Structures are given as structure tokens and as C-alpha cells.
Amino acid sequence: MEKKGRLIINVYSAKERSVDDLAWCAFCQDVKPLFWKDGRLFCYEMKFYPKRSWLVVIDSCVAIMPTYNKSIRVEGSANIPSVVLPVVKASAVAEKILEQTLNLLTKPSHRKSSS
């Protein structure tokens, strides 16, 4: 049981993507900003329950991006203009989400089901 005042974070779904796929998806879902930590670009969709201090990450995506950049350009298509998405260095909470995402991706059961 967590002590009162501590944030509980649970990541339920994780996927590895290319940088281009992650950026396109973030653009389409209007997820801003993207986060970067230790060569990983990532984003997530979450729901926060303040009364319980509980953060539920419904979906998290991660891509290899060795060098930090403050933004990523998403190329448009047809009637969709190109856009630049901001990238920030991960906060302490985002770091915990990335840690849980990477742990979820390395579980043998996750690798089998995503094949």
C-alpha cells in the first residue's frame, strides 16, 4: 500500500514505434508535448484521479531517438499541413511512466502478444 500523498502510476499498454509513426500518431491524437529521456522519445494517453492520487496510463508509445531535439516536424499529406511538435525533457512523473513502459515492453508475455 502506498503512503498517502504518493502518486500511484499504472501503465496498462505499451508499444514500440518509429519516431515518424510516434510523431504522426501524437499529431493525430493532439498529444503535446512529446517527452525525451536517455535516447527515448515517448508519449502517453492518461487519466488522473486526484482523490486517489492515481495516474492511469491507458497507452504509451516509445521510439529510439538518440539525440534530444526541442521539436519534431511531422510531414503533412494531401490536405494536412506539416506541423512542428514540441519535445521536452521528461519530468520526474514522465520518467516513471517511461520506466514502467519499458518494463512492460520487456515482459515475455507482452512480446508474444504483440507479434
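Where a number appears in this text, it was derived from the coordinates with a stated rule and is not lab data. Everything numeric in this text was worked out from a predicted model, so none of it was measured. All Cβ positions, even for glycine, are placed from backbone atoms using ideal geometry, and neighbour counts span all protein chains on display.
Remark: the chain carries a charge dipole of roughly 580 debye about the Cα centre, counting +1 on each Lys and Arg Cβ and -1 on each Asp and Glu Cβ. Taking θ as phi - 60° and the Karplus parameters 6.51, -1.76 and 1.60, the scalar couplings of region 61-75 work out to 10, 9, 9, 7, 9, x, 10, 6, 10, 6, 7, 9, 8, 9, 6 Hz in sequence order, x denoting glycine and proline. Modelled spin-label separation between Thr67 and Val19, with each label point placed 7 Å from Cα along the Cα-to-Cβ direction: 0.8 nm.
Between Cys25, Cys61, Cys43, the residue with the greatest mean-square fluctuation in the GNM of the chain (Cα pairs under 10 Å linked by springs) is Cys25. Extension gain for the segment Asn79 to Asp30, taken as residue separation times 0.36 nm less the Cα-Cα distance, is 15.9 nm to one decimal.
Between Ser91 and Thr106, what length comes free when the chain is fully extended (0.36 nm per residue of separation minus the Cα-Cα distance, one decimal in nm)?
Working: separation 15, 0.36 × 15 = 5.40 nm, distance 2.26 nm.
Going from the current span to full extension adds 3.1 nm.
Across all C-alpha atoms in region 8-113, the radius of gyration and Dmax reach 14.1, 45 Å. By the count of other C-beta atoms within 10 Å, a proxy for reagent exposure, Ser82, Ser71 are ordered fewest to most as Ser82, Ser71.
In region 1-73, what GluC sites (Glu not before Pro) fall in a loop by DSSP, with at most 13 other Cβ atoms inside 10 Å?
Numbers: sites: Glu2, Glu16, Glu45; in loops: Glu2.
Those that pass, being in a loop and sparsely packed, are Glu2.
Could you compute the longest span of the chain free of trypsin sites (Lys or Arg not before Pro) located in DSSP loops and having at most 15 other Cβ atoms within 10 Å, not counting the site residues? Here the longest segment lacking exposed loop sites spans 71-115. In this structure, the amide hydrogen of Arg40, modeled 1.01 Å from its nitrogen in the peptide plane, lies closer than 5 angstrom to those of Met65, counting only residues at least 5 positions away or on a different chain. Note on Lys89: aspartates and glutamates with a C-alpha under 20 Å away, same-chain residues under 8 apart excluded, are Glu16, Asp20, Asp21, Asp30, Asp38, Glu45, Asp59, Glu99. With neighbours defined as other Cβ atoms within 10 Å of a residue's Cβ, the residues Ser60, Ser53 order from fewest to most as Ser53, Ser60. Of the chymotrypsin sites (Phe, Trp or Tyr not before Pro) found in region 43-115, those in coil by DSSP whose Cβ has at most 16 other Cβ atoms within 10 Å are Tyr68.
Let me have the 222 nm mean residue ellipticity of the chain computed from DSSP H runs of 4+ only, each contributing -39500 (n - 2.57), with the sum over all residues rounded to the nearest 500. Write down the numbers at each step before the final one.
Numbers: 3 runs with 32 residues, N = 115.
One gets -8500 deg cm²/dmol as the mean residue ellipticity at 222 nm.
Axis angle, to the nearest 10 degrees, between helix 92-106 and the longest C-alpha principal axis of the chain: 90 degrees.
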